[in-house]
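Read the structure below first, then the notes.
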Amino acid sequence: MSKVRVRFAPSPTGFFHIGSARTALFNWLYARHTGGTFVLRIEDTDKERNTEEALQVLLEGMKWMGMDWDEGPDVGGDYGPYFQSQRKPIYDEYLKKLSDAGRTYEKDGAIWFKLEGERYSTYDDYLKTEIEKVKAMPVVIEDEVRGRVERAEEKDFVLVRKDGSPGFHLVNVIDDITMGITHVIRGEDHLSNTSKHVELYNAFGVMPPKFAHIPLILKEEGSGKMSKRDKGALIEEYEARGFLAVAVRNYISLLGWNPKDEREKMNIDEIIELFDFPGINKGNSRFDEKKLSALNAEYLRELNIESFTFLARPLLNEAGVVSENADENYLQAVLTLCQPKARSLDTLSELCGYFFVDDYAMDEKTGAKIAKKTDPKELLGEVLPILESIKSFDADSLKSALETHAESKDQKVFAYFPALRYATSGQGGGPDLLPMLAVMGRERVVARIKRFIGQSFLSQK
């Protein structure tokens with residue numbers, strides 16, 4: 001078997017979305033699994049829709065996900081150029097071969113591919129007119145994923161558009177031929193194009209590559225294929241939200257591929273070792289951001305606190321929660337508490353913002369729930385002197401002092417916890433309370449409690 005050469009051939013007409021990322025990733029994984037070559041080729045012949053911005057988003061998104069390419073933009077290679085807009089002389093040469101073989105003709109200003117077979121006319125109900133069809137021999141494809149697929153083309157198709165720009169079918173096949181592509185891994189929605197492409201391969205006298213049509217990714221809710229307009233579809237959003245690239249890559253690799261066990265968390269070396277066509281599903285996969293978030297949370301918990309702080313700080317700065325000159329030791333102490341509960345870095349401002357700002361929001365539902373059971377101000381008035389006078393403001397000392405007070409009042413110490421948490425954070429949940437108070441420090445905790453219960457209450461005491 002010749003060395004594997006696969007390609008990812010995106011059109012820079014939009015942003016880098018989940019579907020494109022999965023196609024790129026499957027090609028990259030197969031190349032790395034087989035020791036082959038991963039080619040990045042840019043299909044930029046659509047001058048009206050191609051943008052430099054979209055191209056840069058695509059390239060940066062692939063780099064962020066850890067997908068390096070062996071040939072292509074910024075890398076070069078022996079089969080370039082790797083932008084279709086720069087390959088016109090190659091297309092002209094191959095188009096001439098088809099013309100010389102009598103396999104093209106002009107109609108309506110375009111150049112068409114002429115199928116071989118008996119021609120006949122029939123009425124088209126959709127077009128409301130007579131059209132010409134061809135009884136061509138069926139094309140048989142032994143797809144690496146879908147198995148045997150048989151399809152016969154019935155109509156000639158356009159090779160070069162009216163404006164002189166080469167069409168998708170022509171350039172796709174010529175590029176794969178001239179770049180020595182051995183395997184074409186792409187979405188199931190391209191299966192209908194494959195018979196056209198095989199017809200072109202046959203016309204050029206070239207053996208087609210092996211095809212592997214991977215299942216579609218369905219949108220999170222409702223029916224239909226996930227598009228770039230759907231919630232959670234754009235890769236750049238996950239980068240901006242502070243998701244870890246390793247988590248996104250891990251999750252996307254399992255959208256349509258199964259390692260044949262129950263694992264959902266795998267390092268990239270394991271995925272590369274196991275990735276192959278037999279593991280690719282025929283059925284479509286549904287995107288689930290909750291699963292992605294859960295997987296991301298697992299990876300976040302594995303980071304050492306220095307790495308976690310390094311990644312979190314810019315997002316906290318941007319959210320206005322942490323200043324540029326914030327105390328590093330305090331920041332790390334806070335994030336040590338919050339890290340186990342973080343599902344993504346962009347949620348940290350909500351998760352632990354109250355550690356840094358005094359004008360934190362008070363959750364009214366939590367306050368109402370606490371007030372139904374007891375008077376939180378009365379409880380806080382009891383423990384305030386303890387917090388003010390306790391010698392050491394650490395979690396163990398706080399626990400001991402509060403337990404002693406609770407016993408004197410014939411109470412469980414936990415009876416004081418909801419009010420303490422609510423007054424100092426405005427929330428009903430979060431990190432373990434006593435370590436949270438210890439990190440906040442005596443001065444901040446006491447000030448917040450005093451503000452909560454109010455001076456009028458204190459004066460009555």
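The phi torsions of region 176-189, fed into the Karplus equation with coefficients 6.51, -1.76 and 1.60 and a -60° offset, translate into couplings of 5, 5, 6, 9, x, 5, 9, 9, 10, 10, 8, x, 4, 5 Hz, rounded to whole numbers, with Gly and Pro shown as x.
Quick check: from the Cα gyration tensor, does region 364-460 come out rounded (a/c under 1.5), prolate or oblate? Kindly include the intermediate steps, with their values, before the conclusion.
On the way: a/c = 1.24, a/b = 1.20, b/c = 1.03.
Note, shape of region 364-460 comes out rounded.
Between Asp327 and Ile131, what length comes free when the chain is fully extended (0.36 nm per residue of separation minus the Cα-Cα distance, one decimal in nm)?
Details: separation 196, 0.36 × 196 = 70.56 nm, distance 7.57 nm.
Answer, rounded to one decimal: 63.0 nm.
Across all Cα atoms of region 47-109, the radius of gyration (one decimal) and Dmax (whole number) stand at 16.7, 47 Å.
DSSP assigns beta bridges within the chain; of those with both partners inside it, close to 65 percent run antiparallel. Give the separation of the Cα centroids, region 227-255 to region 168-221, in Å. One Cα centre to the other: 26 Å.
For Gln411 and Met266, the FRET efficiency from 1/(1 + (r/R0)^6), where r spans their Cβ atoms and R0 equals 41 Å, is about 0.25. Distance between the modelled labels on Lys231 and Asp92, one decimal in nanometres: 5.2 nm (7 Å Cα→Cβ projection). Computed from Cα atoms, the angle from the helix 364-373 axis to the main principal axis of the chain rounds to 40 degrees. Dimensions of region 131-171 along the principal axes, based on C-alpha atoms and rounded to the nearest Å, stand at 38, 25, 11, largest first. Near the amide H of Asp156, within less than 5 Å, lie the amide hydrogens of Leu115, all on another chain or at least 5 residues away, with H placed in the peptide plane.
Of Lys231/Lys282; Lys135/Lys282; Lys63/Lys97, which pairs sit farther than 28 Å apart, going by alpha carbon to alpha carbon? Over 28 Å Cα-Cα: Lys135/Lys282; Lys63/Lys97.
So which of Lys291/Lys341; Lys88/Lys196; Lys47/Lys162 end up more than 19 Å apart, counting from Cα to Cα? It would help to have the intermediate numbers written out before the result.
On the way: Lys291/Lys341 15 Å; Lys88/Lys196 21 Å; Lys47/Lys162 14 Å.
Correct reply: Lys88/Lys196.
Placing dummy labels 7 Å off each Cα toward the beta-carbon, the span from Lys290 to Glu443 is 4.4 nm. Across region 323-330, computed HN-Hα scalar couplings (Karplus, 6.51 cos²θ - 1.76 cosθ + 1.60, θ = phi - 60°) run 7, 4, 9, 4, 4, 5, 5, 5 Hz from first to last residue, x flagging Gly and Pro.
For a paramagnetic label modelled at 7 Å from the Cα of Asp100 toward its Cβ, which residues of region 172-188 fall within the zone defined by backbone nitrogen distances under 14 Å? No residue passes the distance filter. Given the alternatives [x] 33; [y] 40; [z] 53, percent of Cα pairs over 33 Å apart as computed for this entry is given by [z]. Using θ = phi - 60° in the Karplus curve 6.51 cos²θ - 1.76 cosθ + 1.60, the 3J(HN,Hα) couplings for region 202-211 round to 4, 5, 7, x, 10, 5, x, x, 7, 10 Hz; x is entered for Gly and Pro.
All of the numbers you see were taken from the coordinates with simple rules; none came from a lab. Keep in mind that what you see is a predicted model, and the values were worked out from it rather than measured. So basically every Cβ, Gly included, is an ideal-geometry build from the backbone, and we count neighbours across all protein chains shown.
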